[in-house]
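The values are calculated or read from the model by the stated rules, or taken from the named source; none is laboratory data. What you see is a predicted model; the values in this text were computed from it and never measured. A quick note on method: Cβ atoms are made from the backbone with ideal geometry, for glycine too, and the neighbour counts reach across all protein chains shown. For the accessible areas, the whole protein counts, side chains as well, though only heavy atoms, and no ligand, DNA or RNA atoms are used. Shrake-Rupley method; radii C 1.70, N 1.55, O 1.52, S 1.80 Å.
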Amino acid sequence: MKNVDSRSHVRGESVYLDDIPLVQGTLYACVFDSPHAHGILKSLDTSEAEKAEGVVKVITAQDLPGENQIGGVIPDEPLLADDEVHFQGMLVAIVLAVSEEAARLAVKKITAEIEPLEIVTDPRVAYAKNDLIVPPKAFHLGDTHTAFRACDHIFEGRADVNGQEHLYIETQGAYTIPTEAGGLRVYSSTQGPTAVQRCVSRVTGLPMHLIEVDVQRLGGGFGGKEDQANAWAAICAVGTMLTKRPVKYALHRMEDMRMTGKRHPYSADYKIGLNKDLKIVAYEAVFYQNAGAAADLSPPVLERTLFHCTNSYYVPNVTATAYSCRTNLPPNTAFRGFGGPQGMFVIESAIAQAAEHLNVPASDIQRANLLQVDDEFPYGQLAESEAVTSWEQADGAFDFARHQREADEFNSNSKYIKKGVALMPVCFGISFTKTPMNQARSLVHVYTDGSVAVSTGAVEMGQGVNTKMAQVAARVFSLPIERIKVHTTNTLRIANTSPTAASAAADLNGRATQIACETILARLKEVAKGLLGAENTADIVFENGFIFHKGEPTDWDWLKLVNEAQMQRVSLSEHSHYATAGIHFDWGTAKGHPFAYHVYGAAIVGVTVDCLRGIYEVDYVKTVHDFGHTMNKAVDYGQVEGGIVQGIGWMTMEEVVYDEQGKLRSNALSTYKIPDIYSVPKTIDIIPLETSRENLGVFSSKAVGEPPLMYGIGAYFAIRNAIRAYNSTVDPAFDAPFTAEKVLMSLYREISKEMKVGK
Ligand code: MTE
Ligand code: LUZ
Ligand code: MOS
């Protein structure tokens, strides 16, 4: 079934923040952000901006009606800098003007005197200074100390993995309108309407019940709007409070890239110990997370790095430690995978190193260590593993050996163009690791014309969650999907929502919707039972809008029955709640059962590298992916394809560059390269793993949003393998992304040293 939005998307009729009709008197906001990465804010001169044409007001930290604080996890982030600046792009002052242009021009007239302080951009430097966001976190399983002594082979190394710009097509933004009693209606491009509501409440001093947050849909979020949509809404809200006028701010692309955080870069040290039979006996990893200047979501991201540090493998002895290091960069934030991919990259690097030194294919080590059913994760949960089944099915369907053989044959006949192949298994835990977040609500109304309106806490951001919500209602009521409309995500209809994140939105909100619909259905069946003189509601079945009794058609259809229920004063509305059962986690012992289930899969990735020029193409990604029972093949395959391409982009061409002054050099699409249609692999094959296990997704489906991104990690190792097919002595550092430039420099290291190019 198609995405319910596809028609309006193609016709340009879908409504995003910028499409909301403007209210008379709307002002436009723009911010003056810090031009220095670290310093004392000695003085701020806004007088010229205030005098500029069209400017209505300039707002600084002193003017905020409520608290100058937007930190969600830890209160360490002012909305507007007051005494110090901590990164380039930190918000300092807000200009409100009658047009967007006037606001932007006025911002240029603001000047700040900043006394420079030391700038740190490297997480290891921050670590050495003990500048941590939170105390370190660690996982322990078995005893690595003893286990290493018994290992036949031990390898140690370092892996670095860079950040990633979200590059949602719709930039961040918000629009606030004053409502009665001093309240606010906030339109926001956010994954977390409640987070926006809470943040606006804090900064304005208004109680939450006076703040309505409404979200139609996002032009992409990818985690970048889980927490970091808050500031823009807060800015508009403060502007509306102080002027009593509507205020809109839709960021310019360069403002967005400069002022918002990205995927966390990590630097890591690892030590891996194996036996003669290639079993990984012990694994140690130390992660240095580049958190940026404030906590934002760094602590839970750090935790998820630990949760996924052994990927799909069973390792009996694990010690993993993670440090969240404060640097003078914009606070980094959620990004599809939420720290998990970074953890996986490190163990895949360790395995690659071991394989190269032992002169065996990395896939032999990967295969030998896949999680079996009931193997223990380092955090205590036992695996309902599909790691072996997905690997075996992928091997059966695609024939890994044949792909390797074909690459080898090609390589033996080609001097400079080389092919590389890598395998990438994935295991990703589903549930917010913070257990209380795993709840959702849904509000369903059946109207007397038989149409159905659904509201949930889920935010549509292209991932198709609204389509899935409509499918749930259509399925429970047995109605055509056209009779269902999924409405905006609104804090007055659905309160206290978790953000649409952790791939769990369809699971959680889908279950809540299912419960709401089933409750209404049960009432309707009671009404039908009375009308039909039936003995048992179980004998009454709704099918395609008709009512059957004991398999026989009746005179009643959906429309008639709904109206009869209304006449009998039976409620046609329901507000339902769902909370994932059986999950818990205790950070005291760092053990528990944090995930409802895991999503598994295995991919084979093939690349072609031009070893004269350093450029490459990803030829194919072929995967067996665990969907449970997919609710919507079109939507889910789209998620797998999109995730794979985004993962490949992160691992290959997307290079976030900050200079030593903490200035973002890759600050526009001319300097930050993302995959375009030409870099999408010619072949993406997806075979569903039909897992029959009873799991906790809606209608036995499994979450799909994030896990496929991690197949993209295979591209990194495939490129490495191609390079080594050209020159087996080349041993590039594990340092993602593997840009074409880095490929070239690693191939011609000696020459590039002489020529003094590259690092
Ligand atoms: N797909 C599209 N098209 N746009 C997005 O912004 N975000 C991803 C994923 N797929 C995203 C997407 C991320 S980071 C998450 S957590 C999930 O969608 C969230 O949606 P779900 O919980 O409904 O899967
Ligand atoms: N957000 C969050 C997430 O707050 N907790 C999580 O565990 C998580 N996981 C993935 C993506 N976003
Ligand atoms: Mo996704 S990183 O959980 O928004």
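When the Cα positions of 382, 398, 370 are compared along the charge dipole of the stretch 348-406, 398 comes out farthest toward the positive end, with charges on each C-beta of Lys, Arg, Asp and Glu. Here the chain is assigned +1 on the Cβ of each Lys and Arg and -1 on the Cβ of each Asp and Glu. Its dipole about the Cα centre then comes out at about 480 debye. Counting only whole DSSP H helices of the chain, the ones at least 15 Å long by C-alpha along their axis and with mean Kyte-Doolittle hydropathy no lower than -0.5 are 193-204, 230-243, 340-358, 387-398, 465-477, 505-532, 633-651, 713-726. Counting only DSSP beta bridges whose two residues both lie in the chain, roughly 80 percent are antiparallel. Pairwise inverse Cα distances across the chain, averaged and inverted, put the Kirkwood hydrodynamic radius at 27.4 Å. If you take all other residues with their beta carbon under 13 Å from the beta carbon of residue 278, and give Lys and Arg +1 and Asp and Glu -1, the sum is 0.
Only the Cβ atoms of Lys and Arg (+1) and of Asp and Glu (-1) were treated as charged; on that basis the dipole of the stretch 230-316 about its Cα centre amounts to roughly 400 debye. Straight-line reach from residue 57: taking Cα to Cα under 19 Å and skipping same-chain neighbours fewer than 8 places apart, the lysines in range are 108, 109, 244, 248.
Can you work out the accessible area per residue across the stretch 212-297, with the rest of the protein chains kept in place, probe 1.4 Å, in square angstrom? Before the final figure, lay out each step's value.
Values: 1930 Å² over 86 residues.
I get 22 Å² per residue for this part.
What does the accessible area per residue of the stretch 522-665 come to in Å², with a 1.4 Å probe and no ligands, DNA or RNA counted?
Numbers: 6290 Å² over 144 residues.
Computed with neighbouring chains in place, this is 44 Å² per residue.
Apolar share of the accessible surface for the chain: 51 percent from carbon plus sulfur atoms, 1.4 Å probe. Under the combined filter of DSSP loop state and at most 11 neighbouring Cβ atoms within 10 Å, the stretch 363-458 retains these chymotrypsin sites (Phe, Trp or Tyr not before Pro): 416. Looking at the stretch 66-160, the trypsin sites (Lys or Arg not before Pro) that sit in a DSSP loop and have at most 16 other Cβ atoms within 10 Å of their own Cβ are 108, 129. What separates the Cα centres of the stretch 112-164 and the stretch 654-684 is a distance of 25 Å.
Short-range pairs are left out: with C-alpha atoms under 8 Å and at least six residues apart, the relative contact order of the stretch 219-304 is 21 percent.
Count charges around residue 237 for me, please; just the other residues with Cβ under 11 Å from its Cβ, Lys/Arg as +1, Asp/Glu as -1.
Details: positive: 185, 202; negative: none.
In short, +2.
For residue 375, the solvent-accessible surface computed with a 1.4 Å probe is close to 30 Å², ligands and nucleic acids excluded. Between residue 115 and residue 660, residue separation times 0.36 nm minus the direct Cα-Cα distance comes to 194.5 nm. Other residues with beta-carbon under 13 Å from the beta-carbon of residue 129 carry, at +1 per Lys or Arg and -1 per Asp or Glu, a net charge of -1. Loop-located chymotrypsin sites (Phe, Trp or Tyr not before Pro) in the stretch 542-637 (DSSP state not H, G, I, E or B) with no more than 14 neighbouring Cβ atoms inside 10 Å: 587.
Divide, for the stretch 614-691, the radius of gyration over alpha carbons by 2.2 N^0.38 Å, where N is the residue count. Walk me through the numbers before you get to the answer.
Details: Rg = 16.2 Å, N = 78, 2.2 N^0.38 = 11.5 Å.
Relative to the rule-of-thumb radius for its length, the stretch 614-691 sits at 1.40.
Over the chain, dividing the summed -39,500 (n - 2.57) contributions of all DSSP H runs of at least 4 residues by the number of residues returns a 222 nm mean residue ellipticity of -9000 deg cm²/dmol. If you sort the three axes of the alpha carbon gyration tensor as a ≥ b ≥ c, you get a/c of 1.5 or more for the stretch 14-60 and a/b no higher than b/c, which makes it oblate.
In whole Å, what is the distance between the alpha-carbon centres of the stretch 471-507 and the stretch 1-73? Going from one Cα centre to the other spans 29 Å.
Of the beta bridges DSSP finds with both residues in the stretch 77-229, what % are antiparallel, to the nearest 5? Walk me through the numbers on the way to the answer.
Details: 6 of 10 bridges.
Of the beta bridges lying entirely in the stretch 77-229, close to 60 percent run antiparallel.
In whole Å, how far is the Cα centre of the stretch 387-457 from that of the stretch 701-756? Centre-to-centre distance over Cα atoms comes out at 22 Å. Ordered from largest to smallest accessible area (heavy atoms of protein chains, 1.4 Å probe), the residues 593, 549, 575 come out as 575, 593, 549.
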